[in-house]
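Student: This structure is in structure tokens; I'll ask about it shortly.
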Amino acid sequence: MIAWFDPAETLAEKIRETASALEAFDASFEPDVRPADPRFGDYQANGVLPYAKRQRTNPRALGQALMDALQADHSFAAAGISLELAGPGFINFKFSNAALSKWIETYREGHAFAKAAGTLKAGQKIVVDYSSPNTAKEMHVGHIRSTVIGDAITRILRYAGAEVLSDNHIGDWGTQFGMIIWAIKDRGFNLDAEHSDVIADLEALYKEGNAAYKSSEETAQEVRQELVKLQAGDPENLAIWQKITDLSWAAFDKIYQQFGISFDLVLGESFYRDKVDFIYQELERTGLSEESEGAQVVFHPEHKRFKKQPFIIRKADGASNYATTDLATIYHRTHQLNVQESIYVVDSRQSDHFEQLFLTARKWYEHENWEVPRLKHVSFGTILGEDGKPLKTKEGTSVKLKELLAEAIERSEKIVSEKNPGLPEEERKHIAPVVGINAVRYVDLSQNRASDYLFSWDKLLSFEGNTAPYLLYAAARIQSIFRKLRIEPGEGESGASTLETETELTLARKLMGFMDAFKQTLSDLRPHFMCSYLYELAGAFSSFYNADKVQVDDPGMKARRLALCNRTLTVMTIGFDLLGIPVLKRM
């Protein structure tokens, strides 16, 4: 019996196998199976037309020959799948009611989904680099996108079978620490004392130090001296720096815990501070870098935009920068961590930097005959306020992330109380943070990451439309069905009859399309494809539930509808987990 868990891939394998036995096809033929227009079937193989064009032959005749050979294999008929030739060689595949029923009956557990998905990236070791706030500064609204998109991509790649290391490459080294340390000493600021908001204090101290640095050459020299002492390993300055780092991470981690996010690695810029000299030497030795106006730079003359735009490796004053530490990071990941791919989840404004970085790394690795790693910049747009500009406070400053999340929880609690006033307070206090935090997460993930989007409290907390509250409520409603029947999800399915109604069949087809949605999400690393699928699935379930009663007298009908309820809950739970969203039992 053919395993039809992933229909598109199974069909493609069968078509390749059948075509390989036909004289008219060679190894270059690719079936290109994808979901079909529902009017014509469930899946469509589109590969015949482009192949026929290359071979300069009749696509319709070629399609007919392939379809005849496929039909000669009785496994399609045995599985309840019919074939039809359409247009210039397209082959449509339609699953019968019995075939859909068999699929729902067979693939009842989440591990079947994980097993199929886990083959897609098996054997690959990947680093996902995301979030990356700067120490001594508060996380703000601009950190949302990198944090939640990076976490979702990490989950998606792991589900696909990859070994993934999540790395928070924090900004914990550089010239700003000379300014902060100077200001701490100048003010006599006690880092060990109790502070209501120590990170806000540190950010204010940085601004003081920066202003003082610009105020006079004498003060600027004092600031520079504090940085030199830090970089030289002065015990006092190192202790101050370490305390700043510890306090900053504690503040960051409170936010990460609210999102349910953790990292495998936190290798910030400071980790690579003793590795930058190696980068200078390597690029000079290999002839990739040159001196320009006192700085060490790399040019890419073959590139239209970068042939005159230097990639600065070492500044004229001898200091390292992002380019240096990023090259050291690539080297460490490939030579120490044995990673084959690094994915950088960073906003689109850094596109030029990453393009130059990747070009430089590739040339270096090719020169040394090392295996060139796959390097990918997963870029994203900006969160906008109602004025269409980057989201700011009324005072024009960046919105602090902790304050935005606190407001999300507060607003959520009011909405949950209105929606279900009978909920006990303890349960409401548990539900509100889940809804509020994940409403912020989901509204970001549901957007095409390449685009800017408008932040709206009313929209993201709505129980209508493609929002976290709507989807969480849909999953909670399914669980309430089982509670009312006093059974657990997965029970009561024995003796299920064949699916019959239009809404049953529509829901079954949507469930069967999970792997198509997952593969599309994985291919482009765009979580919004999974969000769209979950929204459509919730809509299909709502239509089914409104049209077809679950608690009916007919035992076969009741069993098949309970099966549909449980499969929907299973798939929604998997989809939520890929996005980092926990499922609520009630709302």
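The values are calculated or read from the model by the stated rules, or taken from the named source; none is laboratory data. Please read all numbers here as calculations on a predicted model, not as lab measurements. Glycine also receives a Cβ, built like all others from the backbone with ideal geometry; neighbour counts cover every protein chain displayed. Note: areas computed on protein heavy atoms with side chains; ligands, DNA, RNA excluded. Shrake-Rupley method; radii C 1.70, N 1.55, O 1.52, S 1.80 Å.
Student: Give the accessible area for Arg187 in Å² (nearest 10); use a 1.4 Å probe, count only protein heavy atoms, and leave out ligands, DNA and RNA.
Tutor: Arg187 has an accessible surface of roughly 130 Å² with all protein chains in place.
Student: May I pose another question? Rolling a 1.4 angstrom probe over the protein chains, ignoring ligands and nucleic acids, what is the accessible area of Glu222 in square angstrom, nearest 10?
Tutor: Glu222 has an accessible surface of roughly 80 Å² with all protein chains in place.
Student: Which distance in Å, rounded to a whole number, links the C-alpha centroids of the stretch 364-442 and the stretch 322-362?
Tutor: 26
Student: Relative contact order (percent) for the chain, with alpha-carbon contacts under 8 angstrom and 6 or more residues of separation?
Tutor: About 14 percent, as a whole number.
Student: While we're on this one: Could you put Tyr470, Tyr453 in order of accessible surface area, largest first, with the 1.4 Å probe and the full protein assembly present?
Tutor: So the residues, ranked largest to smallest area, are Tyr470, Tyr453.
Student: Also, I was wondering about something else. Roughly what angle does helix 176-187 make with the longest principal axis of the chain, taking Cα atoms, 0 to 90 degrees, to the nearest 10?
Tutor: Helix 176-187 and the main axis of the chain meet at about 50 degrees.
Student: Ignoring everything except DSSP H segments at least 4 long, calculate the 222 nm mean residue ellipticity for the chain; use -39,500 (n - 2.57) per segment, divide by total residues, nearest 500.
Tutor: The helix contribution divided over the chain gives -17500 deg cm²/dmol.
Student: Summarise the accessible area of the stretch 1-87 (1.4 Å probe, protein heavy atoms) by the percent that is carbon and sulfur.
Tutor: Solvent-exposed carbon and sulfur of the stretch 1-87 make up 52 percent of the total.
Student: Work out, step by step, the length gained on full extension between Ala211 and His367: first 0.36 nm times the residue separation, then minus their alpha carbon distance; give nm to one decimal.
Tutor: The span from Ala211 to His367 would gain 51.7 nm if fully extended.
Student: For the chain, report the accessible area per residue in Å² (1.4 Å probe, heavy atoms, rounded to an integer).
Tutor: Here the per-residue accessible area is 46 Å².
Student: For each pair in Lys254/Lys400; Lys275/Lys376; Lys254/Lys519; Lys94/Lys510; Lys137/Lys402, compute the distance between the two Cα atoms and list the pairs where it is over 21 Å.
Tutor: Lys275/Lys376; Lys254/Lys519
Student: Can you give the translational diffusion coefficient of the stretch 405-494 in µm²/s, computed by Stokes-Einstein from the Kirkwood radius over Cα pairs at 10 °C and 1.306 mPa s?
Tutor: The diffusion coefficient I find is 110 µm²/s.
Student: Let me ask you something else. Within straight cross-link reach of Lys459, meaning Cα distance under 19 Å, which lysines are found once same-chain residues fewer than 8 apart are removed?
Tutor: Reachable lysines: Lys389, Lys392, Lys414, Lys419.
Student: Normalised by the number of residues in the stretch 73-195, what is the relative contact order in percent for Cα pairs under 8 Å and 6+ residues apart?
Tutor: 23
Student: At what distance in nm do the modelled label points of Arg187 and Lys53 sit from each other, each positioned 7 Å from its Cα along Cα→Cβ?
Tutor: About 6.6 nm, to one decimal.
Student: What nm value, rounded to one decimal, do you get for the distance between Lys308 and Glu386 when each label is placed 7 Å out toward the C-beta?
Tutor: Modelled inter-label distance: 4.6 nm.
Student: Any idea how far apart Lys585 and Ala69 come out in nm if each label point goes 7 Å out from Cα toward Cβ?
Tutor: 5.5
Student: I've got another one for you. Above 44 Å lies some portion of the pair distances; for the chain, what is it as a whole percent of all C-alpha pairs?
Tutor: Across the chain, Cα pairs with separations above 44 Å total 32 percent.
Student: From the backbone phi of the stretch 27-33, what are the Karplus-calculated ³J(HN,Hα) couplings (6.51 cos²θ - 1.76 cosθ + 1.60, θ = phi - 60°) in whole Hz, Gly and Pro given as x?
Tutor: 5, 7, 6, 10, x, 6, 8
Student: Right, something else. Relative contact order, percent, of the stretch 261-374 when contacts are C-alpha pairs under 8 Å separated by at least 6 residues?
Tutor: 22
Student: How do Lys307, Lys137, Lys115 rank by accessible surface area computed with a 1.4 Å probe, from largest to smallest?
Tutor: Lys115, Lys307, Lys137
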